[in-house]
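See below for the structure under consideration.
The values are calculated or read from the model by the stated rules, or taken from the named source; none is laboratory data. Given the structure is predicted, the values throughout are model-derived calculations rather than measurements. Here Cβ is always computed from backbone atoms with ideal geometry, including for glycine, and neighbour counts include all displayed protein chains. We work out accessible area using only protein heavy atoms, side chains counted, and drop any ligands, DNA or RNA first. Shrake-Rupley method; radii C 1.70, N 1.55, O 1.52, S 1.80 Å.
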Amino acid sequence: MKFFIDTANLDQIKEAYDLGVLDGVTTNPSLMAKEGITGGANVTAHYKAICDIVDDNVSAEVIATTFDEIIAEGEALAALNPKIVVKVPMIKDGVKAIKYFTDKGIKTNCTLIFSAGQALLAAKAGATYVSPFLGRLDDISTDGLQLIEDIRLIFDNYGYPTQILAASIRGPLHIVACAKLGADVITAPLSAIIALLKHPLTDSGLATFLADHKKAAGL
Ligand code: E4P
């Protein structure tokens with residue numbers, strides 16, 4: 001399973017990369033705004049800075065919502081760096097644009113997926129990734145993990161190469177559940193990734209090992 005970090009914060013991206021487990025980055029306009037990144041030149045420079053840190057898979061989301069504008073914006077983003085994956089919303093012109101980008105060999109991430117039907121449509125259009133938002137479904141008392149399971153079944157039934165990128169992850173248990181369900185990728189905040197390594201028995205066990213070693217060594 002690939003691990004992406006869900007942030008536009010360069011320090012957090014560096015920290016996850018240095019851990020040695022990072023396969024990519026997802027951003028969205030809200031995450032960019034949180035870092036104070038607005039306006040064409042700043043956005044471009046920020047995507048380039050992210051691409052300089054990681055090895056591949058940097059999702060850059062288009063703001064446009066009409067076909068011609070999505071194409072223009074997506075092609076400009078893709079031209080920044082071969083690591084860029086153009087993130088396109090699940091709307092009618094977005095699906096058309098995904099088909100266009102696929103035919104041109106430009107990688108895409110279809111975002112704002114909340115149903116299996118939407119994922120199926122994006123896969124038909126040739127999306128490289130679909131991003132089901134499981135946390136936002138959980139927030140409205142709908143089972144987000146069930147959506148991951150349904151998409152996995154459909155993609156496997158027909159051998160669609162589109163990868164399931166589980167998004168809107170809220171914590172470590174979401175990550176483990178997605179791994180059990182066969183999601184190809186998770187994108188999560190740094191806190192959820194770091195939380196995977198925590199266990200109180202690991203902490204107390206290590207403290208005991210170190211204390212016993214000190215005692216035996218007469219330190
Ligand atoms: C990533 O691709 C999504 O934009 C992101 O995971 C959404 O997360 P949120 O629901 O926490 O905003």
If we only count helices (runs of 4 or more DSSP H) wholly inside the stretch 156-219, which ones have 3 or more residues that are within 30 Å of Gln118 (Cα to Cα)? 172-181, 190-195
Just a yes or no: is a residue in the stretch 179-192 farther than 29 Å from Ala123 by Cβ, modelled with pLDDT of 95 or more and of a type in the set (Gly, Ala, Ser)? yes
Given (1) more than 16 Å from the ligand (Cβ to nearest atom); (2) touching a strand residue (DSSP E or B) at 6+ places or on another chain (Cβ under 6 Å), identify the lone condition not met by Ile71. (2)
Here the residues within the stretch 94-151 that are aliphatic (A, V, I, L, M), under 24 Å from Glu69 (Cα atoms) and either in a strand (DSSP E or B) or touching a strand residue (DSSP E or B) at 6+ places or on another chain (Cβ under 7 Å) (or both) are Ala97, Ile98, Ile106, Leu112, Ile113, Ala119, Ala122, Ala123, Ala127, Val130
Residues (open to solvent by less than 50 Å² (accessible area, probe 1.4 Å) and not in a strand (DSSP E or B)) located in the stretch 80-93: Leu80, Asn81, Lys83, Met90, Asp93
Please enumerate the residues belonging to the stretch 94-116 that are open to solvent by less than 50 Å² (accessible area, probe 1.4 Å) and of a type in the set (Gly, Ala, Ser). Gly94, Ala97, Ser115, Ala116
Look at Ala119 and say whether it is closer than 20 Å to Lys2 by Cα and either surrounded by fewer than 10 Cβ atoms within 10 Å (Cβ to Cβ) or within 16 Å of the ligand (Cβ to nearest atom) (or both). yes
Among the residues of the stretch 1-45, the number that are away from the ligand (no atom under 13 Å from the Cβ), in a helix (DSSP H, G or I) and in contact with a strand residue (DSSP E or B) (Cβ under 7 Å, 6 or more places away or on another chain) is 3
Considering only residues that are over 16 Å from Ala78 (Cβ atoms) and among the β-branched types (Val, Ile, Thr), which ones fall in the stretch 32-53? Ile37, Thr38, Ile53
So which pairs qualify, if the first residue must be in the stretch 27-53 and open to solvent by 30 Å² or more (accessible area, probe 1.4 Å), the second must be of a type in the set (Lys, Arg), the Cβ gap must be under 6 Å, and the two must be at least 6 apart or on different chains? none
Scanning the stretch 134-170 residue by residue, the ones that are open to solvent by 20 Å² or more (accessible area, probe 1.4 Å) and within 16 Å of the chain's Cα centre (by Cα) total 4
Failed condition for Glu73, given (1) open to solvent by 20 Å² or more (accessible area, probe 1.4 Å); (2) part of a loop (DSSP other than H, G, I, E, B); (3) not aromatic (Phe, Trp, Tyr): (2)
Collect the residues in the stretch 90-105 that are in contact with a Ser or Thr (Cβ under 9 Å, 6 or more places away or on another chain) and either under 16 Å from Leu77 (Cα atoms) or aromatic (Phe, Trp, Tyr) (or both), keeping them in residue-number order. Gly94, Ala97, Ile98, Phe101, Thr102
